[in-house]
Amino acid sequence: MNNTWFLYMAFAAGLLFVGLYCLLTMKNVIKLFIGIEVISKGVSLALLATGFVKKNTLLAQSLVITFIVVEVSLVATALAIIINIYRHTKSLDIRKLTKLKG
Amino acid sequence: MIFLFIGLPLVVAALLPLIGKISKRVLPDLLANAVFLLLLVLAVTAGRQVISEGPVLKQLNWLGEPVGITVAVDGFSLFMLMAISLLTLCVSLYSIDYMERYGAKANYYALLLMMAAGMNGLVLVTDLFNVYLFLEVAAIASYALVAYGLEHDELEASFKYLMLSVIASAAILISIAVLFGMTGSLGFTAVAAGLRSLDAKFVVGFCAALFIMGFGLKAALIPFHAWLPDAHPSAPAPISAILSGLLIKVSGVYALTRILFNVFGLTPALSQVLMYLGAVSIVVAAFLALGQKDMKRLLAYSSISQVGYVVLGIGIGTPLGIAGGLFHLFNHALAKGLLFLNSGSVQHATGTRNLEEMGGLAKRMPVTAATSLIGSLSIVGVPPLSGFWSKLIIIMALVQAKEWPLALVAILASVLTLWYYLLMQRKAFFGKLDEKWKNVKEAPFWMTASTVILALLSIGVGLFFSAFIKSWIQPASDVLARGIHLALGSWGI
Amino acid sequence: MIWQILLLSGVVLFSILAILSKDLIKSAISLALASLFLGILFFQMNAPYAGVFEISVVAGLITVLFMLTIALTKAEGDVRESKLARLIFPLVFVAFILIDVLVMKGLLQKVPALPETSESGAFGDVLWKQRTFDLIGQLAIILAGVFSVLALFRKRNKDE
């Protein structure tokens, strides 16, 4: 059982890594958000795979569905923000956006 | 009754856009404030009776049949509910005048109500996944509220905040997935019981680390704080007040302590980690605050520093320390809410947040100046204001636990705090009045009214601190001090 | 087993394409394909509802939203990404996969677990009886999303 879990979790970790790499290196705001989406895929894979190997698929399935609903809401909000950013700077470059010091 | 805390804001928020079509200003104002007032009254009066015989679980009945909606009410969650309703009420009173210039009030109140519903839900749930879910409800509403001005800075801050929050949520969910894999369930009780029967120190440590990272990002503890000094100043003033006063505490500190104390059980190692995270936040953020020219940025850094005190106090893990941390949480919510609202009043009157440009505003805005002096002194910890007692309790608890270096840090950092708050007061309100500000007027009625309420509360809680601790803080800290036995015993299997 | 590995590799491969491709439209399509593979994988794992959701909502709706945004923000000069990031990615990724495979196995062996209790009943029962609170949460999330979008696309009246 642990071998199956290992397989899925290894791939989920791979997805998380790809997403984080994108967040750290890319400059396009839409590209950054695609990185976020990749991370979300890793998370939903981890959730469902855990339920699957522990014979709890039904529960895990309902969690994944809720997670997807959250994702949709988040994507809508984020893309609305991105469109507004574009209206202001006429660019999608994160370097042109950063004025605040953090 | 307790379900109203989640249901009522949700229903009213859903109706508000329709109501906004009929009446643009008056009805949304009235309705939103009425909801928050009702929730506050409920929390203060009826809520106490619910938990008079200890923590209870409540299950919702739908058409006579119980459905799978269960909430847990105990001292800690009731205390948080009271704090949430109190500050949201003051903020929404303030918004009556302040949000005029942003337009679309119905929409604004709808988002504010959603945020309140999210926070109330987060405080009441009994299940790890629901914690994540309600966290997200409050977070999504807050992204839009931070960007509400639709200007360049707001949008940038909101985008940054969103990115980091999503990483936080991912960390939290991975940790939840691992716990789910180990115990096969998600409820606090079942997970606590499962972890007790398993010997899994290593994995619990890993999950705790992920939770600390995730919720630490939400609470803006120091290595994870990058988003806060942008997001909080950029938001409209009432929203800054809610974000700094409540959201970082509910979605960061509350969720973290609830899970670490009542589900994992606090181990000495975890306690050390929390204490040092808190201490680092206190010191670093205090130094960062010293150099700020922007009033709201200064307040934002000070929020990080004060949340450090809260985490430090709770992290000690003794009943006294927990009580001190929770008391400071409440006092900071009042005082920082008040200061952010005042910064909004100043910006409303003068159009600037730059401390260098201000000066002598006390002559033109006496109420704002007086209330923000009270707020500053309360955060700094000057007796008899409420902030003094909570810092005193935290330091006493540190001494009692023989953590001398940390006690010293806590004392010295409050000197730094005094320094930058006096700097702010002097630059903004005292000194000579600049020619530019000759025609500045005091803020409109509701704005001053809500700041006066908060200032009076700061004084009142300070004067009657022992009664307040006995009736609100003690039940809350008892809940945490009982650790996992609460989840196993009182919520009952 | 071999099917699962193929599908999982597909998900990861298309995700990598999505973040590395220069054209945003191609990125969005790769992301949709990754979702499609993930959805099929969910079917394989006896989770048909999650699969349907993944395919219809994530591969469908979210891709449409992405396309819409890309169309609305047609920038003149594309944002120049650093070449270095793209070049060293394979190297970093292979290194990560090696660590991942070596470490993860050791880690997951250490995770103790309670004995499994196989669950019975239909999916609807689980969602309706056990996770009812999630439905309220979903409702709240959707409302919050709708209000956020309304707030972000409102007309600012300039007469302030």
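The values are calculated or read from the model by the stated rules, or taken from the named source; none is laboratory data. Quick caveat: nothing in here was measured; it's all calculated off a predicted structure. Note: ideal-geometry Cβ built from the backbone for every residue, glycine included; neighbour counts use all protein chains shown. Note: accessible area is taken over every heavy atom of the protein model, side chains too, but ligands, DNA and RNA are not part of it. Shrake-Rupley method; radii C 1.70, N 1.55, O 1.52, S 1.80 Å.
Computed quantities for the displayed model
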| item | result |
| --- | --- |
| Alpha-carbon centroid distance for the pair region B:385-462 / region B:144-212, whole angstrom | 32 Å |
| Histogram of C-alpha separations across region A:2-97, 10 Å bin width, % | 16, 36, 28, 14, 5, 0 |
| Solvent-accessible area buried by pairing A with C, both sides, nearest 100 square angstrom, 1.4 angstrom probe | 6800 Å² |
| 14 Å beta-carbon shell around A:Cys22, net charge (K/R +1, D/E -1) | +3 |
| Sites B:Asp434 and B:Glu151 - FRET efficiency at Förster radius 25 Å, r taken between beta-carbons, to 0.05 | 0.50 |
| Neighbourhood net charge (10 Å Cβ-Cβ; Lys/Arg +1, Asp/Glu -1) for B:Ser303 | +2 |
| Simple label model, 7 Å out from Cα along Cβ direction - B:Lys293 to B:Val280, nm | 3.1 nm |
| Rounded percent of accessible protein surface that carbon and sulfur make up, region B:4-490, 1.4 Å probe | 69 percent |
| FRET efficiency, B:Leu4 to C:Trp128 (Cβ-Cβ, R0 22 Å, nearest 0.05) | 0.45 |
| Separation in nanometres of the label points that stand 7 Å from Cα toward Cβ, at C:Leu91 and B:Arg101 | 5.3 nm |
| Computed magnitude of the charge dipole of region C:1-100 (debye, nearest 20; Cβ of K, R +1, Cβ of D, E -1) | 200 debye |
| Dmax and Rg, reported as Rg then Dmax, of chain B (C-alpha, Å) | 21.4, 72 |
| Rg/Rg_ref, the protein assembly as shown, where Rg_ref = 2.2 N^0.38 Å and atoms are Cα | 0.92 |
| Gain in span if fully extended, B:Lys58 to B:Trp419, counting 0.36 nm per residue against the direct Cα distance | 125.2 nm |
| Gain on full stretching of the segment that runs from B:Lys201 to B:Ala226 - 0.36 nm per residue minus C-alpha separation | 5.9 nm |
| Estimated Rh, chain C: Kirkwood, alpha-carbon pairs, angstrom | 19.9 Å |
| Cα gyration tensor shape of region B:334-424, rounded if a/c is under 1.5, else prolate or oblate by comparing a/b with b/c | prolate |
| Nearest-10 value in Å² for the accessible area of B:Arg297, using the 1.4 Å probe | 20 Å² |
| Label-point separation in nm, A:Arg87 to C:Lys83, each point 7 Å along Cα→Cβ | 3.8 nm |
| Cβ-based charge dipole, region B:4-490, positive-most Cα from B:Pro233, B:Ser477, B:Gln49 | B:Pro233 |
| Rounded accessible area of C:Leu91 (nearest 10 Å², 1.4 Å probe) | 130 Å² |
| Protein accessible surface hidden between B and C, which excludes ligands and nucleic acids, total in Å², probe 1.4 Å | 3000 Å² |
| Charge-dipole axis of chain B as Lys and Arg at +1 and Asp and Glu at -1 on Cβ define it, positive-most pick from B:Phe264, B:Gly381, B:Leu111 | B:Gly381 |
| MRE, 222 nm, helices only [DSSP H, n ≥ 4, -39500 (n - 2.57), over the protein assembly as shown, to nearest 500] | -23500 deg cm²/dmol |
| Only Lys, Arg (+1) and Asp, Glu (-1) charged, at Cβ; region A:2-97 dipole about Cα centre in debye | 260 debye |
| Accessible carbon and sulfur surface of chain A relative to its total accessible area, %, 1.4 Å | 61 percent |
| Förster radius 41 Å - calculated FRET efficiency between C:Asp23 and B:Gln474, Cβ distance, rounded to 0.05 | 0.10 |
| Mean accessible surface per residue for chain B, computed with a 1.4 Å probe while every protein chain stays in place, in Å² | 31 Å² |
| Cα-centred dipole magnitude for chain B, charges only on beta-carbon of K, R (+1) and D, E (-1), debye, nearest 20 | 740 debye |
| Formal net charge of residues neighbouring B:Phe264 (Cβ-Cβ distance under 11 Å; K, R +1; D, E -1) | +3 |
| Net length gained if the chain between B:Leu456 and B:Leu37 were fully extended (0.36 nm per residue, minus Cα distance) | 149.1 nm |
| Furthest towards positive pole of dipole, B:Phe287, B:Ala13, B:Asn354, structure part region B:4-490, Cβ charges | B:Asn354 |
